[in-house]
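Following: one structure in structure tokens, then a few remarks.
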Amino acid sequence: MNWARTTRVLAVVGLGAAAFVAADPLAMARPKPAPEIEAPPPPPPPAGPVALPQRTLADAAAFEAWLERVQATSPAFTSGASVALALKNATAYEPRALIRGAVAYAAVAALEDQTFVNEVRAAGNTPENRRLMVGYLMADPGYALLFKGSDGAAGLAREALASGGLKLLAAGKAVKQSAYDIQHQAWSKVEVVNRDGRLKAVEAEGVSPMPEAADHVDALQRAATGGTPLPITAGPARPPYTPLVARAIQLAAIAALGEAGDGTYDQLSILAADEGTNTCLHMAKLNLYQCLAVSKPNYEDVFCMGQHGMADPGACLARNAGVALPPEGPSAAASAIKPATAAAG
């Protein structure tokens, strides 16, 4: 009884389905609606461009211009006025400001290593990653050295500092030598005009901001952003690195992340410091002041400038960049009459 009833029900259902298909033959051919697919989330915003704050570039420009001016000092002095002008140029720096400029200049050089820049940017592929990386970099300059290419960036930074320092050292030695060579000229034996005023002016230069060099900024900006490179070539440098070089790599890494905007200048300036270099430059200043305090004739001012105003700070830069200073050769003026301050200096 139940089986017969079930058979009749199925037959009725079958007839109904057949009738539905006959009434709407396209019903079975219609495709099922595609399932809704959620759109993927938008990609994270890209990093900003590789850049340093404009004031940091201005610091680098002031350092570069100071180096060029002082390195170009000619030892062929012809008057006390020419000595006074050269002395003013050589002493126009405050040590901490010079170090800020040196670190900034070396960071520009480091940014020319594209492997280093690309590796840093690849790691900072999200805002969160970049935020964390900046925190690590601010806390420890050694973090920047973990990235591929950091040895190449360090080589460029070291060369930027060392080559400038060694050239300044050589120029200072040439000026110091001229203190002996010009002693046959009558003007060189004349007492310096207003000795006390001259010393006060030099001391004032030592605590004043470095002269601006706006004409150097554009070239440094192009170098830092992958344009025209600085006239510096160097191979990779193996660690360990001096604090001065490590600070430059640290600053370059933050710039490579696109996180060194103009509003970060004060924060980044804290990084651009090195107590070892600062102490060395302060000693050079102190020795210069002591030398000038007892200097009387013009040729003695030349000696003080060449040794303590040029050679000493040049040696500070080179040594704290991590390179050995050239050996001292025999002086051609060893048998000449030396300035009274030579023995004390």
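Among residues of region 105-127 that are on the phi > 0 side of the Ramachandran plot, none has a Cβ under 9 angstrom from a residue that is aromatic (Phe, Trp, Tyr) and open to solvent by 40 Å² or more (accessible area, probe 1.4 Å) at a sequence gap of 6+ or on a separate chain. Within region 134-169, the set of residues being more than 16 Å from the chain's Cα centre (by Cα) and open to solvent by 60 Å² or more (accessible area, probe 1.4 Å) comprises Tyr136, Ala139, Asp140, Leu146, Lys148, Leu166, Lys167.
Beta carbons closer than 6 Å, at least 6 apart along the sequence or on distinct chains, pair a first residue in region 164-175 that is closer than 14 Å to Ala90 by Cβ with a second that is open to solvent by 40 Å² or more (accessible area, probe 1.4 Å) for Lys167/Gln71; Leu168/Gln71; Ala171/Gln71; Ala174/Pro75; Val175/Pro75. The set of residues in region 78-100 being part of a loop (DSSP other than H, G, I, E, B) and either surrounded by fewer than 18 Cβ atoms within 10 Å (Cβ to Cβ) or not hydrophobic (A, V, I, L, M, F, W, C) (or both) consists of Thr78, Ser79, Thr91, Tyr93, Glu94. In region 196-210, of all residues being open to solvent by 50 Å² or more (accessible area, probe 1.4 Å) and not small (Gly, Ala, Ser), the one that is farthest from Ile99 (Cα to Cα) corresponds to Asp196. When Ala253 is tested against (1) small (Gly, Ala, Ser); (2) modelled with pLDDT under 95; (3) closer than 30 Å to Gln114 by Cα, exactly one condition is not met: (2). Counted as qualifying within region 223-312 are the helices (runs of 4 or more DSSP H) with 1 or more residues that are without any contact (Cβ under 8 Å) to a residue 12 or more places away in the chain, namely 265-271, 275-294. Restricted to region 197-255, and to residues that are of a type in the set (Gly, Ala, Ser) and touching a Pro at 6+ places or on another chain (Cβ under 6 Å), which residue is farthest from Leu292 (Cα to Cα)? Residue satisfying both the conditions and the ranking: Ala223.
One line per residue, one yes/no per condition, for (1) in contact with a helix residue (DSSP H, G or I) (Cβ under 8 Å, 6 or more places away or on another chain); (2) at pLDDT 95 or above; (3) open to solvent by 40 Å² or more (accessible area, probe 1.4 Å); (4) within 23 Å of Leu168 (Cα to Cα):
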{"residue": "Val245", "(1), (2), (3), (4)": "yes, yes, no, yes"}
{"residue": "Ala248", "(1), (2), (3), (4)": "yes, yes, no, yes"}
{"residue": "Lys285", "(1), (2), (3), (4)": "yes, yes, no, yes"}
{"residue": "Met305", "(1), (2), (3), (4)": "yes, yes, no, yes"}
{"residue": "Met310", "(1), (2), (3), (4)": "yes, yes, no, yes"}
{"residue": "Ala334", "(1), (2), (3), (4)": "no, no, yes, yes"}
{"residue": "Ala340", "(1), (2), (3), (4)": "yes, no, yes, no"}
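The values are calculated or read from the model by the stated rules, or taken from the named source; none is laboratory data. Since the model is a prediction, treat every value here as computed from it, not as a measurement. Cβ: placed from backbone, ideal geometry, glycine included. Neighbour counts: every protein chain shown. To get the accessible areas, we keep the full protein, side chains included, count just its heavy atoms, and leave off ligands, DNA and RNA. Shrake-Rupley method; radii C 1.70, N 1.55, O 1.52, S 1.80 Å.
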